[in-house]
Amino acid sequence: MPQQAMPGRPAEPTKAPNLPTGQDGVDDTYVSRETPTREEDDPPLAMEAMRAVQILNPSGEVTMPRPERTRVMCVANQKGGVGKTTTTVNLAVALALHGNRVLVVDLDPQGNASTGLNVPHHTGVPDVYDCLINGLPLEDVAQPVEGIPSLWCVPATIDLAGAEIELVSVVARESRLARAITGYPGHFDYVLIDCPPSLGLLTVNALVAAEEVLIPIQCEYYALEGLNQLINNINLVRQHLNPRLEVSTILLTMYDRRTRLADAVEQDVRNHFGHKVLQAVIPRNVRVSEAPSYGQSVMTYDPGSRGATSYFEAAQEIAERGIKAEASRNA
Ligand SMILES: Nc1ncnc2c1ncn2[C@@H]1O[C@H](COP(=O)(O)OP(=O)(O)O)[C@@H](O)[C@H]1O
Ligand SMILES: [Mg+2]
């Protein structure tokens, strides 16, 4: 359980007056993110967040149960453009809007997750590079995401582009991120790490820091090609650096139901990965791709869109599966 607030944040969650309440006291909490400097620009975004919750979950019956301990999930696929960043951002917002405390770590020098969450990440902003290379504590670089209570982001600036090479000569180069995250315990229900499209040291750092890997797979012809390489890397990291690591979740993205191909890819992926594949599938949806240019997730940009409802379902499934896995571990 979180013991301490982020800098400038209240220590204990307070109830949001207008949010639907959850079932049992824990899930229905709302962390006030108000700070004096942001008060005047908070309301519109906060209103949008509340509207999103009401549209996605009108009866207030859906809860996304909080895990007993932090789930560190690495969103990885060395292919570019398969929906890693979109998935990271939208799952993070969906979970945060439903009572979870979430940290997004942007580990791609492109900084797309930072852009998508509208978190400043121009040169000079303390970022994940400072944590990896200079050993800066995570709490010094995490920024609150405007309008989304209990969501924070460690941004990536262009500095991170050099990290892949600079890390080579750094002590404990594979476990810098793991250290930064464990050095900052208890604050979050979820830490979602958005990986770059490569299998270099940045991705290795994410795999060492995480317990779970979430692989987004785009429903297109070459979907499974190259995945073996990712799985091999995951196995190597498990053998040598992080025995707890597992591929827990596969998410099908950019599904176009007008094509037979998408259906075939879905069958292939389900045959291959079985129960790891979420039932929820993310359709190709123009609202999803528009949202980042407004500095928003699709969850708040257009909560009624199929993109938003699908990510909402995916987040719910992830939360529930986590609770089931906990229960079987404790049994
Ligand atoms: N479900 C979707 N529907 C439509 N466009 C999408 C969807 N998911 C992602 N995109 C778009 O596809 C592009 C690549 O997605 P992105 O999440 O950046 O992939 P990655 O992080 O794996 O490189 C982006 O322009 C994004 O807006
Ligand atoms: Mg990306």
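Figures for the structure shown
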item	result
Positive-end extreme of charge dipole, segment 142-232 - chosen from LEU224, GLY183, GLY200 (charges on Cβ)	GLY183
Using distinct alpha-carbon pairs, which all enter the 1/r mean, Kirkwood radius of segment 75-231 in Å	15.5 Å
Under 5 Å, built H, 5+ apart or other chain: amide partners of GLN218	THR253
Residue-count net charge about THR123 - beta-carbon cut-off 14 Å; Lys, Arg +1, Asp, Glu -1	-3
The chain - Debye-derived log10 I(q)/I(0), Cα point model, q = 0.06, 0.08, 0.09 Å⁻¹	-0.18, -0.33, -0.43
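All of the numbers you see were taken from the coordinates with simple rules; none came from a lab. Keep in mind that what you see is a predicted model, and the values were worked out from it rather than measured. All Cβ positions, even for glycine, are placed from backbone atoms using ideal geometry, and neighbour counts span all protein chains on display.
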